[in-house]
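Trainee: Below you will find the structure I want to go over with you.
Laboratory data are not the source of any read-out in this text; all were calculated from the coordinates shown. This structure is a prediction, so every number in the text was calculated from the model and none was measured. Note that we place each Cβ from the backbone using ideal geometry, even for glycine, and neighbour counts take in every protein chain shown.
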């Protein structure tokens, strides 16, 4: 049943009537406010609060408290149709980021001659301390309004906090020796250095020494702390980096400015490569503002039209990454255009077979369900509307797409239209492979390295890396 918004007219209001609401102050609310109003002081306040954890009296964050009074006046007492004539505001204490406050408005006088009210407005913290005290003079409505409360639009923010927990977790580990293959461009060299500065990896730069040093000098980068293995060209860099992994000198591979196919060719060589019994697959770790947690999308970069056996490996690789990210029993949704099995749609047949393979232990460590359309894989209300009863529907941690084209388009739609942050990693080899691109943000590169580091640590602890049954 829809909630009802109902105002109080002047005649219905009595002196002593009161209304209140309780809210907590979060960074995201202030960023939203700044984005909507263009108030750059709010952005500065967010950054200051992030450093100091407090808001100054009467400052930009204090205005957040006064906005609660406006909300009460506009929606509850008197409610819709109210006009505010004047207000006097006094700030008494700071408002802490994350603190819970209660705002209350109370009618202290009525003036029938002009239909106005005086409202006493107070904002208190959880201990009852006064934060803000105000007096407002308002004109109460004379017409009764009673209507359903409209759903507010969702606001998406493209900020860099969604991978913070992941980066913090990875930074507690011993930095992983990482062979950076042919870092012969500005972006390819800056990425691993930034990751090293965040205590995520220990870069080993593999490429033409003269070229790497020239880029470092041009960009004013200090590469003296990092080993540099001199080779003549990108082919040799890929070959040498893979050999370092085989020798135990590197535990992560990181793509530089060479082509992905060139690197993977050396990874997959039967005689000198680092392949395993599994197929390689790519996993996007996506953090979308409107979804409650990061999730994995696979495969959007390597396997073009995977068959059933390849999809089994893709599933198990993604499950390993989810385990490394401390998701104990990830929920894996196998996507198709519809949620019912249709012999004319091969993706739905594969989905049903993968679920049965999981039942038989051929895929382990996750709860699988499919086929599921995208909407009912990520939205519980959509699943309920379609009558889908499933432990995965609406709660997916992993999305398995039918083919590379579907995955690539979905990943780019979420990135460019839904402002998702996307980190990428290749799994299925003896070590994780970090794939970077020139378009990647700093946070994306760091998150990719963090996932790789967590995956190495999980393999050491025996949490991942088991053989798929039936392979």
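Trainee: Starting with the fewest neighbours, write out 334, 139 ranked by other beta-carbon atoms found within 10 Å of each beta-carbon.
Mentor: Ordered from fewest to most neighbouring Cβ atoms within 10 Å, 334, 139 come out as 139, 334.
Trainee: Per-residue ellipticity at 222 nm for the chain, helices alone: DSSP H runs ≥ 4 residues times -39500 (n - 2.57), over residue total, nearest 500 deg cm²/dmol?
Mentor: Dividing the helical sum by the residues of the chain leaves -11000 deg cm²/dmol.
Trainee: Same structure, new question: Any chance you could give the angle, 0 to 90 degrees and rounded to 10, that helix 308-324 forms with the longest Cα principal axis of the chain?
Mentor: The answer is roughly 60 degrees.
Trainee: I need the peptides 443-453, 213-223 ranked by packing, meaning the mean over residues of other C-beta atoms within 10 angstrom, with the highest value on top.
Mentor: Per-residue mean Cβ counts within 10 Å order the peptides as 443-453, 213-223.
Trainee: So, one more: Pull out the extension gain between residue 441 and residue 272, defined as 0.36 nm times the separation in residues minus the alpha carbon to alpha carbon distance; nm, one decimal. Provide the component values of the computation, followed by the final result.
Mentor: Details: separation 169, 0.36 × 169 = 60.84 nm, distance 3.31 nm.
Gain on extension, residue 441 to residue 272, equals 57.5 nm.
Trainee: By its C-alpha gyration tensor, with a ≥ b ≥ c as the square roots of the eigenvalues, how is the stretch 164-460 shaped: rounded for a/c under 1.5, else prolate for a/b larger than b/c, else oblate?
Mentor: prolate
Trainee: Further, regarding this structure: Can you compute the FRET efficiency between residue 37 and residue 403 using 1/(1 + (r/R0)^6), with r the Cβ-Cβ distance and R0 = 60 Å? Round to the nearest 0.05. Intermediate values should be presented prior to the final figure.
Mentor: Details: r = 44 Å, r/R0 = 0.73.
The value I calculate is 0.85.
Trainee: What FRET efficiency comes out for residue 247 versus residue 326 if R0 is 25 angstrom and r is the Cβ-Cβ distance? Round to the nearest 0.05. Present the calculation step by step, with values, prior to reporting the outcome.
Mentor: Details: r = 30 Å, r/R0 = 1.21.
Working from the Cβ atoms, E equals 0.25.
Trainee: Could I ask something else about it? Classify the stretch 341-411 from the C-alpha gyration tensor, please: rounded if a/c falls under 1.5, else prolate or oblate depending on whether a/b exceeds b/c.
Mentor: rounded
Trainee: Please give the length that would be gained between residue 15 and residue 135 if that part of the chain were fully extended, namely 0.36 nm times their separation in residues minus their C-alpha to C-alpha distance (nm, one decimal).
Mentor: My answer for the length gained is 41.7 nm.
Trainee: Now for a separate question. Angle, helix 186-197 long axis vs. longest principal axis of the chain, Cα atoms, 0 to 90°, nearest 10?
Mentor: 70 degrees
Trainee: Further question on the same structure: Zone of residue 232 (label point 7 Å along Cα→Cβ, backbone N under 15 Å): which residues in the stretch 195-214?
Mentor: 207-210
Trainee: Report the full-extension gain for the segment residue 111 to residue 349: residue separation times 0.36 nm, less the Cα-Cα distance, to one decimal in nm.
Mentor: 78.4 nm
Trainee: Now for a different question. Compute the long axis of helix 346-359 from its Cα atoms, compare it with the longest principal axis of the Cα atoms of the chain, and write down the angle in degrees, 0 to 90, nearest 10.
Mentor: It works out to around 90 degrees.
Trainee: So for the chain, averaging the separation of alpha carbon pairs under 8 Å that are six or more residues apart and normalising by length, what relative contact order in percent results?
Mentor: Over the chain, the number comes to 14 percent.
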